[in-house]
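Structure record follows, encoded as structure tokens.
The values are calculated or read from the model by the stated rules, or taken from the named source; none is laboratory data. Keep in mind it's a predicted model, so treat the numbers as computed, not measured. Cβ placement follows ideal geometry from the backbone for every residue including glycine, while neighbour counts extend to all protein chains displayed.
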Amino acid sequence: MLYKHVHETLRQEIRDGVHPVGERLPSEAELTSRFAVSSITLRRALDLLRTEGYVIRRPRLGTVVVSTDPVTATETPETGQLLIGCVITNFDETFGSRVLEGLLDDAASDANLVLKRSRGSAEIENEHVRTLVQAGVHGLIVLPSSTEFIPPAVLELVTQQFPVVVLDRRYEGVPLSAVHSDNFGGAKLATEHLFELGHRRVGFVASDIHLTTTDDRRNGWVHAHAAAHIPLPHGAEYRAVESTVPGRDVPPEEDIERLKEFVASDPDTTAYVAAEYNIAVMLREACRRLGRDVPGDVSIVCFDHPDAVFDRGLFRFTHVAQDQYGMGAHALRQVRVQIADRGAIRKDVLSTTLVRGASAAAPRA
């Protein structure tokens, strides 16, 4: 068949390094001309390469090579249309929307997604998982509301080797595939950037919910102090923000006032690492109410940031950017791996990058 010839030729070229990892394949027009096939035939071949884990489709970029020897290569049989369930806590322009883009784009023509939202409720989350399994999904992607315990329905599926991938979380010692960012490295990078600017008392602000994501970010902040031989600042840590937690009915105004009290109680701290973008926004407002300018008096580095491509007036925070699009694409690829091989467990940790903005500067003399 023509599409198989195209698929096998491109796959061998990727393995041989003709198309290196990180580079785009030639355009559809170039490939259809080269192989003398229709665009439908070409897309079918590219869909196979994506299913096997060699390439992913990126908006505005095209088809990008991501691996020369993926786990799924030559092992995943053609399974027709897959039905994948996805349960997430919530999503917005700061975190989640780009993850969904990665999921949807990687699904392409061989998979359909069924999306459910738990809004941070463990009970609703558990119910959604059971409902999706009963509906006949072939695999699940779950963004758990907490990492203190594994949802009972998910634990049952693990014992049955049902294809499940945990998103943006990790469970130590549990045979669960997972995709998450290097939160430890990201927070360490943020803290070290503030040290390089000259800050010596750097605080940490996060929500009060227990997540491995937040714990890893705090540990990165702690480790950066140890590596730089700078004492961890006593009284400069605040982990009681509530309004950003899904399912919590706490107005941001209450958190802003509490953050104002926290900042006022420790005037010697000149910089903060905020575990989330919305926390950084509230922290900046708390500083403003105290007459403290960001970044003139206080510097802030956070995780994630809305794109806001058309809003040039948006205040841009220096932030740690996660590969949210890649997170979604990797999660769907892992589900495909497990559908082909029920015992296959992978834990992907995606790198983060520091993006400079207007919220961090050298401290005043």
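Summary table
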| quantity | calculated |
| --- | --- |
| Residue that is farthest from Ala329 (Cα to Cα) [pool: residues in segment 1-51 that are assigned to a loop (DSSP other than H, G, I, E, B) and hydroxyl-bearing (Ser, Thr, Tyr)] | Ser38 |
| Test: residue in segment 286-301 that is within 17 Å of Val202 (Cα to Cα) and assigned to a helix (DSSP H, G or I) | yes |
| Condition check for Val66: at pLDDT below 85, surrounded by 15 or more Cβ atoms within 10 Å (Cβ to Cβ) and within 17 Å of Val179 (Cα to Cα) | yes |
| Number of the exception - His199 against (1) outside any loop (DSSP other than H, G, I, E, B); (2) crowded, with 18+ Cβ neighbours inside 10 Å; (3) modelled with pLDDT of 95 or more | (1) |
| Checklist (1) modelled with pLDDT under 85; (2) over 21 Å from the mean Cα position of the chain (by Cα); (3) of a type in the set (S, T, N, Q); (4) surrounded by 13 or more Cβ atoms within 10 Å (Cβ to Cβ) applied to Thr32, failing item | (1) |
| Which listed residue, of Leu42, Leu46, is surrounded by 19 or more Cβ atoms within 10 Å (Cβ to Cβ), hydrophobic (A, V, I, L, M, F, W, C) and within 18 Å of Leu82 (Cα to Cα) | Leu46 |
| Selection within segment 209-245 - under 26 Å from the mean Cα position of the chain (by Cα), in a loop (DSSP other than H, G, I, E, B) and either among the β-branched types (Val, Ile, Thr) or surrounded by 17 or more Cβ atoms within 10 Å (Cβ to Cβ) (or both) | Ile209, Leu211, Ser243, Thr244, Val245 |
| Conditions (1) buried (at least 24 other Cβ atoms within 10 Å of the Cβ); (2) among the charged types (D, E, K, R); (3) modelled with pLDDT of 95 or more: number failed by Arg336 | (3) |
| Segment 172-183 residues that are crowded, with 18+ Cβ neighbours inside 10 Å, paired with ones that are in a loop (DSSP other than H, G, I, E, B) and small (Gly, Ala, Ser) (beta carbon under 7 Å, 6 or more apart) | Asp182/Ser351 |
| Residue check, Ala344 of a type in the set (Gly, Ala, Ser), on the phi < 0 side of the Ramachandran plot and assigned by TED's automatic domain parsing to the domain that holds Asn219 | no |
| Residues located in segment 109-138, provided they are surrounded by 15 or more Cβ atoms within 10 Å (Cβ to Cβ) and at positive phi | Gly120 |
| Exclusive hit being assigned to a loop (DSSP other than H, G, I, E, B), loosely packed, with under 15 Cβ neighbours inside 10 Å and either touching a residue at least 60 places away in the same chain (Cβ under 8 Å) or assigned by TED's automatic domain parsing to the domain that holds Tyr171 (or both), set Asp249, Asp268 | Asp268 |
| Breaking point among (1) of a type in the set (D, E, K, R); (2) surrounded by fewer than 22 Cβ atoms within 10 Å (Cβ to Cβ); (3) outside the structural domain of Pro267 (by TED's automatic domain parsing), for Asp106 | (2) |
